[in-house]
Amino acid sequence: MMEKHWITRPVDQEQVLALATAMSLSPITATVLWGRGVRDSVHARQWLSDSGGPGHDPFLLPDMEKSVDRLHDAIQQGDRICFYGDYDVDGISATSLHLSFFRSLGAQAEVYIPHRQEEGYGLNENAIQKLADRKISVMVTADCGTTSHREIALAQRLGLDVIVTDHHQFQDEVPEPFAFINPYRADNLYPFQGLCSGGLAYKVVEAYHRKYGSGDVAPVDGLDLVALSTVADVVPLRDENRAFVREGLRQLTEGTRCGIRALKQVLGITESCTASTIGFRLAPVINAAGRLAHADLGVRLLTSTSDAEALALAQKLEQLNRQRREIEQEIFEEAKVCVEEAGESPVIVVGKRGWHLGVVGIVASRLVERYHRPAVVVAFDEDGIGKGSARSVPGYNVFDALAQCQEHLLAFGGHPAAAGLTVSSQAFSSLQRMMSEVATKNMSDDSKIPVLDIDADVQLSELQPRLLKEFDSLDPFGMGNPEPTLSATGVTVLEKRIVGDNHLKLVVRQNGSVPIECIGFRMGGWLPKINGGGLQFDVAFMPEINRWKGYDRIQLRMRDLRLSRGS
């Protein structure tokens, strides 16, 4: 277990107490809000309310009006439209949103999603030729296209008007499609850059609705898909993303979409949907389509209007997800061996022929979690061409790192925290060496040590049902709005045991408080250190309600433990 550096956010206590008084909140909740930049009652009411307001004007996004005008012309003239999406949840959901909305308007619309193993990420020339042969007039991308300069040029020559909707960052070179909707454009006037491609798809249909009206599907009907995209793609749950996800979670809970009802039935989800429901249950199953089969299974599920068809698709996807977990675990174990054999390096770069391309991103994330180092995992095919995924640690821009190594890459793209790449087997060792050199030069000491941000240090006696109810109003949680993490110092362990799959179960007390149960998932390695010899510990945790056999009690979901000073 790697020791974490706990950092308690500094706050202005006078302002925190003023916010608590103005909003009738506990000082602890006000402290959490203050640490997230919510420092006045107007902002706090918006943050805590069910609605984020009307949202930003979609026409502030570059090329938006040009895009909806072209789509309207295509519908009026009977032109064929293709929505070309990525094979992850963001691309699948955005494509499904486009398809549902524009088909309801009578558009001659179809979908194309490339096969992950056979075609790879983004636009490809063979696919574009096929679309041209099918007389497609307008191609709208979702979650891809920003770096596809050659492919876009080909499409334009073949008579396709290409509308790129994408939120990937890019360097100096800008593509030249018919329209380019990307919040990272230098001329962007839209005040929020944190939209994923599902959010951009929503803005396209919202803009179309404002100017030309809707068919049987209103833009708001697609917010369940926007919630799936936003949470699964780990974009900031701030600004209008909070309103999107809140409404989307309500729709997911109610099962307003046929495919979602079927998926929840197969997974046994009966409780209200949260961001965790998306991140840990719904999204992995939808993602399994693109990882092990074809992502169009996900689009078919999310756009189906037949209960029987949706149930069959959901069962197929759940079966694929079980297979994905088995393959992922096998590759993760092999990757750990590669890491240990490689020795010390500030960055992990591993690859092997025969690894399944569909799970390298998950394996990279697990390596980052285990070793707290940026990780690149590459799957090589029989021709020696490797495609892989990179994941990073907070404070280190892995996209920039790949850009500095691009002489050894065939292609790359992505974000500061996650990226994709293509590399030949001949260049792989050079990539490993240069990635290590770049990380040695650019990675700060702070990035090398896991950091645990603490919102507030509290007394266990302060944990009351009212506080947990207030915490519920801070939801949805995710990037940019993590679950609150509190700390309590000098706690005494009364009981200790291992439950389940190496989970640590404790009963603790602090300064004569009532005993409180704690659960630490995969924290069983702490048991030998808790020897009952009078030691006291500090615990970092998220308080929650544990409902068991009709009784509710407060439980601490532990994030970390450490010996108290002087113990």
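Seen against the Cα atoms of the chain and their longest principal axis, helix 425-442 is set at about 50 degrees. For the chain, relative contact order (Cα pairs under 8 Å, six or more residues apart, normalised by length) works out to 12 percent.
Taking Cβ atoms as reference points and 12 Å as the exclusive limit, the residues near VAL11 contribute a net charge of -1, counting Lys and Arg as +1 and Asp and Glu as -1. A simple count of charges around ASN442, restricted to other residues whose Cβ falls under 14 Å of its Cβ and scoring Lys, Arg +1 and Asp, Glu -1, yields -1. How would the range 263-334 be classified by its alpha-carbon gyration tensor: rounded, prolate or oblate, with rounded meaning a/c under 1.5 and the a/b versus b/c comparison settling the rest? It is oblate, given that a/c is not under 1.5 and a/b is not larger than b/c. With a Förster radius of 56 Å applied to the C-beta separation of ARG466 and ARG134, the computed FRET efficiency comes to 0.40. Taking Cα centroids, how far is the range 141-178 from the range 1-39 in Å? Rounded to whole Å, the Cα centres lie 43 Å apart. Within the range 1-79, the GluC sites (Glu not before Pro) that combine a DSSP coil assignment with at most 13 other C-beta atoms in a 10 angstrom radius are GLU3. Beyond 20 Å in Cα-Cα separation lie the following of the pairs LYS264/LYS316; LYS4/LYS529; LYS336/LYS496; LYS4/LYS496; LYS130/LYS387; LYS469/LYS505: LYS336/LYS496; LYS4/LYS496; LYS130/LYS387; LYS469/LYS505. Between the amide H of THR141 and those of TYR84, ILE163, VAL164, THR165, distances stay under 5 Å, these residues lying 5 or more places away or on another chain, with hydrogens modeled in the peptide plane. Taking the helices alone, the chain has a mean residue ellipticity at 222 nm of -12500 deg cm²/dmol, built from -39,500 (n - 2.57) per DSSP H run of at least 4 residues and averaged over all its residues.
Each peptide in 212-218, 384-390 was scored by the mean count of other Cβ atoms within 10 Å over its residues; highest first, the order is 384-390, 212-218. Straight-line cross-link reach from LYS211 at under 18 Å between alpha-carbon atoms covers these lysines, not counting any fewer than eight positions away in the same chain: LYS66, LYS203. With neighbours defined as other Cβ atoms within 10 Å of a residue's Cβ, the residues TRP6, TRP355 order from fewest to most as TRP6, TRP355.
Given R0 = 35 Å, the distance between the Cβ atoms of ILE449 and ASP69 translates into a calculated FRET efficiency of 0.10. Please determine, in degrees from 0 to 90 and to the nearest 10, the orientation of helix 64-77 with respect to the longest principal axis defined by the Cα atoms of the chain, where the helix direction is its Cα long axis. The answer is roughly 50 degrees.
Laboratory data are not the source of any read-out in this text; all were calculated from the coordinates shown. Quick caveat, the model's predicted, so the values are computed rather than measured. Every residue, glycine among them, receives a Cβ derived from its backbone with ideal geometry; neighbour counts consider all protein chains shown.
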